[in-house]
Amino acid sequence: MSIPHLITVLAMLLHVAGILAAMHAVMHTRTPQGAFAWVLGLTLLPYVTLIPYLYLGRSHFYGYVTLHRAHRQRLSQVSLPGELLGVPEPCMRYAALTQMLGSSFHAGQKLRLLIDGDATFEAILAAIAKAEHCVLVQFFIFHDDELGRRMQQVLLERAAAGVQVFVLFDGIGSHALPRHYVQTLRDGGVAIFPFATQRHNNRLQLNFRNHRKIVVVDGSLGFLGGLNVGNEYLGLKPPLAPWRDTHLEIAGPAVMDLQRSFAVDWHWVTGELPPLLPPQAAPGDAYTLIAATGPADPQESCSLYFTAAINAARQRLWLTTPYFVPDQAVMSALRLAVLRGVDVRVLIPARPDHRTVFLASTLHAHDAIGAGIRIYRYQPGFIHEKVILIDDDSASVGSMNLDNRSFRLNFEIGALSVDRGFAAQVEHMLLDDFARAVEITRDEYRKASYLRRLAMHVARLFDPIL
């Protein structure tokens, strides 16, 4: 066969494969917009889109979904002495969330806001160093750098002291983590594994990442938020430095729900369950709901989490997010909040860490400003915190970004707390953040060059996978 004929045959085969993949996309892609985008690309440009679809287009992980739901239901039945049976009136605004999550607000939480990397890892490493029984650690990213080795050392010390240590990291998020880092921990008695929704072969699965950040020490002290284990989260890697982020320390019954979330993921990876230790009572006044969301849930739980939080606001809704790519439901909720007279503000970065997402965020910000939403860009460095302040009594801290990956593709964790004292602390923190930001207007888009505006519109076409 001549070379021209061979090229023709290969082109025809690619188009046939593209059509078959497009049929798969129609049946299995989670949103109509995503299905339409994949179908166009796969039928018209299979040479460009077929391989990306193999990595990004797969939307099922049957074994994980079945096991996840079964064990989540089983673990949710593990009750605690004195576990909350009723909630005060301010928590009732979030009744739909508790129903969706199959969880409840827990009374008596002691909360500590941890601002930026130094405060966060000082608290986490100190808590682990005091562990006597069990440590659970889960991060999206581990790096083998100064902070990563500090974490490694404290885990090895606890394991050597007879403490049970369990570690999960995401297989794609931590793709650069060298094998010797993991092997050193295993040799030292630490149980450590990568998370993946496909047990045997995950090479063609880039979606459905475990983006959660959880640390639990002796069942009594928990941490969650936006920071991973790496020097950039300490603000040590320009050009994004200084890095602005927020984490949360929790003591009280809600820590059990952090353990439950970790246990479900651990069981999927290893087939075993880690110890579930009863948390100790804490001298706190906050009511806290732990929201573990992800693509294995029956509904799009993360998107609904944002929507419910926004709909609960009556006076104020302040959001911080590194990626502002709202779906239609969240954007509609934000618009309705403005129409209710709510003070809606969104804080986003002034510097990009992912240029395509940054361009799409800029166009969404332009549309939001037109709807009366006030948008601010944080100036000193990159802002990575994921915080929601609702009125004067509620605040959420977690790993959830305001984008489609968090809404539909990633496993996330957040804590929604109802307590005026804690909300006042979050307000003080955000006022300081907004003081270091510049409010933008629609001129940011209007005065951009035509090519840059075109790039924004092109970037927004990729919203379903951003």
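The values are calculated or read from the model by the stated rules, or taken from the named source; none is laboratory data. All of these numbers come straight from a predicted model, not from anything done at the bench. With ideal geometry, Cβ positions are generated from the backbone for all residues, glycine too; neighbour counts draw on all protein chains shown.
Note on the range 299-318: residues that are part of a helix (DSSP H, G or I), within 21 Å of R374 (Cα to Cα) and of a type in the set (A, V, I, L, M, F, W, C) amount to 5. Do we have any residue at all in the range 367-385 that's within 17 Å of N311 (Cα to Cα), in a helix (DSSP H, G or I) and modelled with pLDDT of 95 or more? Within the range 367-385 (the criterion being within 17 Å of N311 (Cα to Cα), in a helix (DSSP H, G or I) and modelled with pLDDT of 95 or more), the answer is yes, since at least one residue qualifies.
Restricting attention to the range 169-185, does a residue exist that is assigned by TED's automatic domain parsing to the domain that holds G225, in contact (Cβ under 8 Å) with a residue 12 or more places away in the chain, surrounded by 19 or more Cβ atoms within 10 Å (Cβ to Cβ) and of a type in the set (S, T, N, Q)? Among the residues of the range 169-185, at least one is assigned by TED's automatic domain parsing to the domain that holds G225, in contact (Cβ under 8 Å) with a residue 12 or more places away in the chain, surrounded by 19 or more Cβ atoms within 10 Å (Cβ to Cβ) and of a type in the set (S, T, N, Q), which makes the answer yes. Among the residues of the range 273-298, the one identified as more than 16 Å from M100 (Cα to Cα), part of a strand (DSSP E or B) and among the small types (G, A, S) is A286.
Number of residues in the range 407-442 that are crowded, with 17+ Cβ neighbours inside 10 Å, assigned to a helix (DSSP H, G or I) and acidic (D, E) equals 1. Here R452, R460 are screened, and the one residue that is over 19 Å from the mean Cα position of the chain (by Cα) and at pLDDT 95 or above is R452.
Screening R340, R316 for residues that are closer than 24 Å to A435 by Cβ and either in contact (Cβ under 8 Å) with a residue 24 or more places away in the chain or buried (at least 21 other Cβ atoms within 10 Å of the Cβ) (or both) leaves exactly one candidate, R316.
With surrounded by fewer than 20 Cβ atoms within 10 Å (Cβ to Cβ), at pLDDT 95 or above and within 24 Å of the chain's Cα centre (by Cα) as the only criterion, which of F193, F223 stands out?
Testing whether each residue is surrounded by fewer than 20 Cβ atoms within 10 Å (Cβ to Cβ), at pLDDT 95 or above and within 24 Å of the chain's Cα centre (by Cα) leaves just F193.
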